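Written below as structure tokens is the structure these notes are about.
The values are calculated or read from the model by the stated rules, or taken from the named source; none is laboratory data. This is a predicted model, so every value here is computed, not measured. Cβ: placed from backbone, ideal geometry, glycine included. Neighbour counts: every protein chain shown. Quick note on the areas: whole protein, heavy atoms, side chains included, nothing else; ligands and nucleic acids left out. Shrake-Rupley method; radii C 1.70, N 1.55, O 1.52, S 1.80 Å.
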Amino acid sequence: MSPNDGSHSLSLTNPFAIAAERNLLEELLFGKRNKSTRHEYAKDLKNFFVTVCGQEPTPTLVAQFLQMDRYSAVTLVLRYKAQLVDQGLKEATVNRRLAAIKSLVNYAYKVGKCDWTLADIKSEKVTPYRDTTGISPEAFKKMLLVPDREILKGKRDYALLRLLWANALRREEISHCNIEDLDLEARTLSILGKGRGTQKENIDLKPKTCDALQDWLLARKELDIKQPLFISLRPHYGHRLTGDGIRKIVVAIAKEAGISKTVSPHRVRHSSVTAALDVSGGDVRSVQKLSRHANLNTLMIYDDNRTKAQGKITALLEDLV
């Protein structure tokens, strides 16, 4: 597959000439609801074409790739996969980049612009997630003491910590919330959960979290319920607090609380899930309602790590001989 600059002289009065330059890559990305997914797919497909062709994808270059014979195309993608593996990239990263290419090919196949797929190219085997370490409730209590609840920033940070801990939320789930998503009377928050598309779901809040959120909103004095639930206070007051902004706040608070381990929002989530399993006596089905994990097996990893099941069985076996 040779590089092509994609330059063609199109007649604006000829709709068939324009159709010939159909931008399949743009159509694919447009069909992805999640902005983050669109961004990652665009980045991964750019990496593929730059790696194998030495240039960024154009409609013509994409069409060239899709019009290759199946053997040549599969060989090209397999060589690209081998390069990714040789670079030492994690299995999940390799699989994500392959998924982007497969998605492009599948879309082209569906709209009749390609007569083969990449179904025979297997993903890398991924080791199941094992690190569920977090911090203890006692350590998190130290973090709750850090925010100065007499000032606006402290009220915001305290409410944020309460929400993260009691509901095991992901940072993006909090970032996407607006004031209108919060119902203090019903004690619920409507969130856009991971993998839920545009369908929001209500989660129940409890008094300490509701009180903290109410304290923050009363001090903030924002009347427009369409505004973000959590905002940046500086340098640009009022901007939606991003997932990375939430991460920076949590990391800074943990450091100030004297916690040696780096504490991210996701580590707080790990901590909440593990603590929930502890206080519920390992009731994984109930805790699944809290964590909203689609796969119950993921929670079983938490429970195994919490109870140190392997070590206990090993000790029993050792005592047998």
Calculate what fraction, in whole %, of the accessible area of the chain sits on carbon and sulfur atoms when a 1.4 Å probe is rolled over the protein chains.
-> 52 percent
Histogram of C-alpha separations across the stretch 157-231, 5 Å bin width, % | 3, 16, 30, 30, 15, 5, 1
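Under a Cβ-only charge scheme (Lys and Arg +1, Asp and Glu -1), can you give me the dipole magnitude of the stretch 137-180 about the Cα centre, in debye to the nearest 20?
On the way: 9 positive and 7 negative charges, 26 e Å.
Approximately 120 debye in magnitude.
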From the square roots a ≥ b ≥ c of the eigenvalues of the alpha-carbon gyration tensor of the stretch 91-222, which class results: rounded (a/c under 1.5), prolate (a/b over b/c), or oblate?
-> prolate
Computed for the stretch 197-292: size of charge dipole around the Cα centre, +1 on C-beta of each Lys and Arg, -1 on C-beta of each Asp and Glu, debye to nearest 20, value 260 debye
Rounded to the nearest whole Å³, what is the per residue volume of the convex hull around the Cα atoms of the stretch 220-321?
-> 170 Å³
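Net charge within 11 Å of residue 168 by Cβ-Cβ distance, Lys/Arg positive one each and Asp/Glu negative one each, not counting residue 168 itself?
Around residue 168, the surrounding residues sum to +3.
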How do the peptides 57-64, 144-151, 274-281 rank, highest first, by the average count of neighbouring beta carbon atoms within 10 Å per residue?
-> 57-64, 274-281, 144-151
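Determine by what factor the alpha-carbon radius of gyration of the stretch 24-172 differs from 2.2 N^0.38 Å, reporting the quotient.
That ratio works out to 1.49.
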Report which label in (i) 58; (ii) 44; (iii) 53 holds the value of percent of Cα pairs over 27 Å apart derived from the coordinates of this structure.
-> (i)
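Work through the residues other than residue 104 whose Cβ is under 12 Å from its Cβ and net out their charges, Lys, Arg +1 and Asp, Glu -1.
Within the 12 Å Cβ shell, the charges total +3.
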Set of lysines with alpha-carbon distance to residue 122 below 18 Å, sequence-local pairs under 8 removed | 81, 90, 102
Is the stretch 126-185 best put as rounded, prolate or oblate by its Cα gyration tensor, with a ≥ b ≥ c the root eigenvalues, rounded for a/c under 1.5, and otherwise prolate when a/b is larger than b/c, oblate when not?
-> oblate
Under a 5 Å amide H to amide H cut-off, with H placed in plane at 1.01 Å, what residues pair with residue 231 once short-range neighbours are removed?
-> 241
Which lysines does residue 142 reach when only Cα atoms under 17 Å apart count, and residues fewer than 8 places away in its own chain are ignored?
-> 155, 208, 255, 261
Charge dipole magnitude, Cβ of K and R +1, D and E -1 - the stretch 229-279, Cα centre, debye nearest 20 = 160 debye
Å² per residue, accessible surface of the chain at 1.4 Å = 59 Å²
